[in-house]
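Undergrad: Input: one structure, supplied below.
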Amino acid sequence: MAAPRPLDPKRLDVAAFAALGGELAGTIAAAAMPRLASATLAPEDGSSRPDVQWRATGARLALAGAGVQPSLLVNAATDVTLQCQRCLGPMRVALHAERRIFFVEGEDAAATLDAETEDDVLALTPALDLPLLLEDELLLALPLVPRHDVCPEPLPRAFRDDADAPEHPFAALAALKQGSRPN
C-alpha cells in the first residue's frame with residue numbers, strides 16, 4: 001500500500017483534508033505575501049517584516065441548505081505597520097484573521113449559498129493555494145481607517161482661536177453689498 005502523500009499547503013486538496021480532519025500550521029515569510037506588503041508600510045526601524053504565523057484545520061460540517069460539506073478553519077497572525085490617518089505617522093498593528101470557510105461543488109452553488117447564509121462559501125477546487133487564501137484573509141482584516149488611540153505627537157491645530165482668526169474672506173464683499181442696498 002502506498003504511503004499517503006504529504007499535504008502541500010500550496011496545492012491543498014480541501015475535500016481530502018477535511019475528510020481526514022487534518023491540521024496544518026506553519027510560518028510564511030512576509031515576502032511571500034506581496035499584496036499584504038504593498039498594502040502596508042515597511043517597519044519604521046528598518047527591520048524586515050515579521051513572518052505570518054498560520055494554522056488551518058479541516059472538518060466536514062453541516063452547512064445550512066447544503067448538508068455536510070468540507071470546511072477549513074483558518075487562522076493567520078502577524079504584525080504590520082500602517083499609516084495613522086489622524087497624525088499620518090507610522091503605527092504598529094497586530095493583525096489577526098480567523099474564519100471558517102465552507103467548500104461546495106460548483107461556482108454557482110457557492111455564490112448562491114454564500115449569499116443566502118452567513119457562512120463564507122467558496123467553490124471546491126482540486127488544489128487550493130492556502131497561502132494565497134491566508135493573504136486574502138489578512139487583507140480583509142486590515143483596519144479601514146487605522147488610527148493611534150493617542151497619537152505620539154501632538155496634532156497641529158486645525159483652527160485658530162476666534163481672536164486670532166483672520167477676517168472672513170468674503171466679509172468685505174458682504175459689507176459692500178449691505179451698504180449698497182437702497183433704503
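Read the figures in this text as sums done on the coordinates, not as results from a lab. This is a predicted model, so every value here is computed, not measured. Methodologically, a virtual Cβ is constructed for each residue, glycine included, from the backbone with ideal geometry; neighbour enumeration extends over all protein chains shown.
Undergrad: State the dimensionless ratio Rg/Rh of segment 70-127 (Rg: radius of gyration of Cα atoms; Rh: Kirkwood radius).
TA: Result: Rg/Rh = 1.22.
Undergrad: Okay, moving on. Just flag the GluC sites (Glu not before Pro) in segment 107-146 sitting in loop per DSSP whose Cβ has no more than 16 other Cβ atoms within 10 Å.
TA: Values: sites: Glu107, Glu116, Glu118, Glu135, Glu137; in loops: Glu118.
The qualifying sites are Glu118.
Undergrad: Looking only at segment 15-120, where both bridge partners belong to it, what percent of the DSSP beta bridges are antiparallel (to the nearest 5)?
TA: Working: 31 of 32 bridges.
Just about 95 percent of them are antiparallel.
Undergrad: A further question on this structure: Under 5 Å between amide hydrogens, which residues at least 5 positions from Cys84 or on another chain qualify, with H placed 1.01 Å from N in the peptide plane?
TA: It is Gly89, Met91, by chain and number.
Undergrad: With only alpha-carbon atoms in the gyration tensor, what are the semi-axes of the equivalent ellipsoid for the chain, in Å, largest first? Don't skip to the end; give the middle numbers.
TA: Values: eigenvalues 563, 116, 27 Å².
Its equivalent ellipsoid spans semi-axes of 53, 24, 12 Å.
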